[in-house]
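Notes to accompany the following structure.
The values are calculated or read from the model by the stated rules, or taken from the named source; none is laboratory data. The structure presented is a predicted model; accordingly, all values stated were derived computationally and were not measured. Quick reminder, even Gly has a Cβ in these numbers, built from the backbone with ideal geometry, and neighbours come from all protein chains shown. Surface accessibility is based on the protein's heavy atoms, side chains included, excluding ligands, DNA and RNA. Shrake-Rupley method; radii C 1.70, N 1.55, O 1.52, S 1.80 Å.
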Amino acid sequence: MANPPVNEMTDRARDVFRVVVESYLGSGAPVGSRTISKLSGLNLSPASIRNVMQDLEELGLLAAPHTSAGRMPTESGLRLFVDGMMQATEPSVEERAAIERRLEAGGPIEEALSATTAALSGLSACAGIVLVPKHEPVLRQLGFVPLSRDQALAVLVGHDGSVENRVIDLPEGVTPSTLVEVGNYISDRLAGLTLPQAQARMAAELSAGRAALDRASRELVARGLAVWTADGSNRPVLIVRGQANLIDAAAADDLERIRQLLDELDGKEEIARLLESARTGSATKIFIGSENKLFALSGSSVIAAPYRGRDGRVVGVVGVIGPTRLNYARIVPMVDLTAQTLSRLMA
């Protein structure tokens, strides 16, 4: 059933719905009609409130977890509230200072990303997550160490001093002298380029007939470069901080859901794919419960916002993961501020 637009709900229904949602998000517990009549200032009797809550339940916006219990918002109800009724609360001066403190600290970017995410996690009482910009190594040197007749160890040295090793299968006809020749060729012709740039130049030289290499050598160059390109594009660089925040007093009766969520957090490639979907657009995105298949079992929500690099392009995503009863009005602006802070850090 499609949710009714907020402006099509009666004033009474909107008021009762808002009180139920805000009370649930604050306590994590279903809300009864008598509680609403005492707390809300709606000037409605418990019986009138029960009738409105029943109507909202029939619309799929509220649910009663037990026959005698109060009501709580469904995922559809939370989506309606977040999209049409929520009034965001700007971060306080203290919260803003805690998030922005890393701008003045200096040091490696990845450490700053980790520390900023940890600050966001602590302030939101959620698990903080950040998708780190994909690092394109710049080639300084590529060499080959023979391991057997059919395999060699490819050793890539980056301009930042990093060293990575991969075992590759050798094309037929490659000799030890070929390994030396190809290593020298790559280091001489392709140093100073990223791997995609090196591949593009190599392809251009081959097509123009300028590469003085035989077939086996050309294939070896292609394999030596491709092994890192494929590996780097498939390996998400994801930082998760504050998982312990998910195990709080309110979770004591819901340990199975928390266990499921912690298991899901171990699947970093799946989370990275979810965050990749938040890279488009400029606004903070909110995924509630089963709206995303990854967190359907644990009933968790993700709030994520993209951050940008020096050229204004999106380079990563930062956000939080927590139960669906998050204080969205407080946490959404906090995630947005963190994304803005990281954008300044990357500039």
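Annotation: amide H-H contacts under 5 Å for residue 152 (H modelled 1.01 Å from N, sequence separation of 5 or more, or interchain): 147, 168, 170.
Only protein atoms count toward the accessible area here, which uses a 1.4 Å probe; on the chain, the carbon and sulfur part of that area reaches 50 percent.
If you run the Gaussian network model on the chain, springs between alpha carbon atoms under 10 Å, then out of 175, 116, 284 the most flexible one is 175.
Compared with the dominant principal axis of the Cα atoms in the chain, helix 328-346 is inclined by about 20°. Report the convex hull volume per residue for the range 290-345, counting only C-alpha atoms, in Å³. With only Cα atoms used, the range 290-345 gives 77 Å³ per residue. As an equivalent ellipsoid, the range 49-113 spans semi-axes of 43, 13, 11 angstrom, where each value is the square root of five times an eigenvalue of the C-alpha gyration tensor, largest first. How far is helix 215-234 tilted off the main Cα axis of the chain, in degrees rounded to 10, range 0 to 90? So the helix axis and the longest Cα principal axis differ by about 20 degrees. Among 203, 13, 283, the largest mean-square fluctuation in a Gaussian network model of the chain, built with springs joining Cα atoms closer than 10 Å, belongs to 203. Using only the C-alpha atoms, the convex hull of the chain corresponds to 181 Å³ per residue. Selection among 316, 9, 217 by position relative to the dipole of the chain gives 9 as farthest towards the positive end (Cβ unit charges, Cα centre). Here the mean projected area of the convex hull built on the C-alpha positions of the range 14-96 is 6.2 nm². Compute log10 of I(q)/I(0) for the range 108-150 with the Debye formula, placing one identical point scatterer on every Cα and leaving out solvent, at q = 0.17, 0.23, 0.30, 0.33 Å⁻¹, to two decimals. Here the Debye-derived log intensity ratios amount to -0.63, -0.83, -1.03, -1.11. Let me check against my output: what whole-number percent is the relative contact order of the range 66-179, with C-alpha pairs under 8 Å and at least 6 apart? Normalised by residue count, the contact order of the range 66-179 is 13 percent. Each Cα pair under 8 Å and six or more residues apart adds its sequence gap; the mean of these over the residue count of the chain is a relative contact order of 19 percent.
Springs between Cα atoms under 10 Å define the GNM used for the chain, and in it the highest mean-square fluctuation of 294, 206, 262 occurs at 206. Cα extents for the range 52-158 along the principal axes, largest to smallest and rounded to whole angstrom: 76, 44, 24. Rounded to the nearest 10 degrees, the inclination of helix 11-27 to the longest alpha-carbon principal axis of the chain is 60 degrees.
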